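Scroll down for the structure; my scribbles are underneath it.
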């Protein structure tokens, strides 16, 4: 059997080029005691992957040159050796990387049930994006019924879930997204109370229109000018959750930080960064509650799936061009 892999071979400056990864095929070695061979079915493509390519200090070590590109995955155990954590036939999700197969002892994997939700949902709404949204808006955002929540990147994997959870909890929710189609999706499909098209209208004017009394919680996925605009409208004791800054990830110059940060002082507001790995002990609890919302029709899941591990780069770049709808997923088989 052969394992097809995307190896990181060059640290990119700006948008990753054709020479950033090498597409390799290598024989699968025999398993050792306690190991399992996982046949990967779907690979999660997330903005955070761009940061993992850099050598700079971060919350997680960078992907080393020559290593398989790090990514969340979901797949099926097809072979085991000796006593293993999972059995042949089990579907599991974890950090399998951008490759067709993965050998692991399974310590950082979770068993999933494809009869309860489609497999892609376990790397989307019930996976890392969903966990980020759940703990970010509930535990750190501390939302209360009647509050106004503004979400950037609102049509994306994390933002779309953040907004839906806020609606479930009785908040007024406004999303920022790029293009009429995505804004219509937020309002007509996900039940947002308002949407701002940053590509075709002023974000400042849009926030003023849709949040006339200000913002209680701002969940930020993009950074840059949109973060600055949101800071202007903070209410007293507002909470700003920094989840990501996709507008800055491919910057070739110094990252642009917030200019309006004094709004935090004036409004006694807080700004906190979140990393989903910190909440790992409570993933199972969150997954159960979110799965329940899905079964009740309160929480919708949307995956944008493209095929072929050889098409990894062009699919990955859709994260930064906006040419996707919902959670971006690469289908392996």
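Derivation of every value follows stated rules applied to the coordinates shown; laboratory data play no part. Keep in mind it's a predicted model, so treat the numbers as computed, not measured. Cβ sites come from the backbone with ideal geometry, for glycine too, and all protein chains shown count toward neighbours.
Summary of computed values
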item: Mean residue ellipticity (222 nm) of the chain, computed from DSSP H runs ≥ 4 via -39,500 (n - 2.57), nearest 500; result: -6000 deg cm²/dmol
item: Highest-MSF residue in the chain out of 235, 70, 116 [GNM, Cα springs under 10 Å]; result: 116
item: Cα-based Rg and Dmax for the chain, where Dmax is the largest Cα-Cα distance (Å); result: 20.2, 63
item: For the range 128-277, diffusion coefficient by Stokes-Einstein and Kirkwood Rh (Cα), 20 °C, 1.002 mPa s, µm²/s; result: 144 µm²/s
item: The range 1-152 shape via C-alpha gyration tensor axes, a/c threshold 1.5; result: oblate
item: Ratio Rg/Rh, restricted to the range 33-81 and using Cα atoms, in which Rh is the Kirkwood radius; result: 1.08
item: Rounded Å value of the spacing that divides the Cα centres of the range 123-198 and the range 272-333; result: 14 Å
item: Per-residue Cβ neighbour rank within 10 angstrom, fewest leading, 111, 331, 182, 213; result: 213, 111, 331, 182
item: 0 to 90° range, to nearest 10: angle between helix 159-168 axis and the chain longest Cα axis; result: 60 degrees
item: FRET efficiency for residue 105 and residue 11, using Cβ-Cβ distance with R0 set to 25 Å, rounded to 0.05; result: 0.30
item: Overall form of the range 10-56 per C-alpha gyration tensor (a/c, 1.5; a/b vs b/c); result: prolate
item: The range 203-223 versus the range 13-86: alpha-carbon centroid distance in Å; result: 37 Å
item: Relative packing of 278-284, 296-302, which averages over residues the other C-beta atoms within 10 Å, highest first; result: 296-302, 278-284
item: Between helix 283-295 and the chain: long-axis angle, C-alpha atoms, 0 to 90°, nearest 10; result: 70 degrees
